[in-house]
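The next block holds one structure in the form of structure tokens; read it before the comments.
Please treat every number below as a calculation from the coordinates, not as lab data. Here the structure is a predicted model, which means the values were calculated and not measured. FYI the Cβ positions are ideal-geometry reconstructions off the backbone, even for glycines, and counts take in every protein chain you see.
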Amino acid sequence: MSVPIFHVDAFTNRRFSGNPAAVCFLDSWLDDGWLRKVAAENNLSATAFLVREGDNYAIRWFTRVCEIRLCGHATFASAFVVLHYLEPTRKSVQFKTQHAGLITVQRAGDCLSMDLPAFSPTTCKTVPDDLIKGLGPSSSPDDVLEANSTYFIVFNNPETVRRLRPDLPRIETLHPYAVSVSAKDDTVDFVSRYFAPGYGLPEDPVTGSAHCGLAPYWAKRLGKGRLHAKQVSERGGEMWCEMSGDRVKLTGKAVLTLHGEFSL
């Protein structure tokens, strides 16, 4: 059995930056064990599996160790493949998810715009000891919030975000929570990083789902409806975030790096 597979760098206009995702198109759903094995073999931040349903697609996402409830960059990469290679005359595509409803991605000039649910972070009432120790004694967060199984840590200085070297084994004990750190920046509206070792992602290069919480927070704090965001991981990437009621639109670019077939 051969499965069409694409590798795409999402939220970037340059190869070998942004967040790499594998996109696999299936005729029907395989056993979950096979899906995990394929994702582990790809060994990327995430692998998206898609099955055609009418004019659109059902989608699921796996890291190399488990299935995840929402993955922005792999959905963005899937839309890039559909709209640029499989059905280039289409203007938009919808993905049916198990936990996040329908996700629509449409063309926006030479970019793509993805519509996701917004998760407004609220103040964390009980801050885990391993969270503070995991960030390091000199991190001094300005605020600690939570939403959608993610701790959102806000710093006053963007250089703190860039220099942060978290204790990943401690961060892993917070699973199923992940950790997003961010700060206001002079070159863009805000910078961020994202750590999810419990999901097999010590540091995720560019995290679409994290911006479902980052965008509402920074839009309110900065008084702006549209924000330029940069994730300052080693690979790096960027996107534009726009609030629309209880939804957030993430706009950016992507680049194809591989197209072939996966043999099962």
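For segment 122-244, the Kirkwood hydrodynamic radius comes to 14.2 Å, computed from all pairs of different C-alpha atoms.
Using helices alone, what [θ] at 222 nm do you get for the chain, with -39,500 (n - 2.57) per DSSP H run of 4 or more residues, divided over all residues and rounded to the nearest 500?
Dividing the helical sum by the residues of the chain leaves -5500 deg cm²/dmol.
Working from Cα pairs under 8 Å separated by at least six residues, relative contact order for segment 114-264 is 22 percent. Cross-link partners of Lys224 among lysines, defined as those whose alpha carbon lies under 25 angstrom from its own and excluding same-chain residues fewer than eight positions apart: Lys184, Lys249, Lys253. Note on the chain: along the principal axes its Cα atoms extend 52, 37, 31 Å, ordered by decreasing extent. Its relative contact order, with pairs defined as Cα atoms under 8 Å and 6+ residues apart, puts segment 181-241 at 33 percent.
If you find the alpha carbon centre of segment 37-77 and of segment 128-188, how far apart are they in angstrom? Centre-to-centre distance over Cα atoms comes out at 26 Å. With a cut-off of 16 Å, note down the residues of segment 152-175 whose backbone N falls inside the zone around a label point 7 Å from the Cα of His228 toward its beta carbon. Zone members listed by number: none at all.
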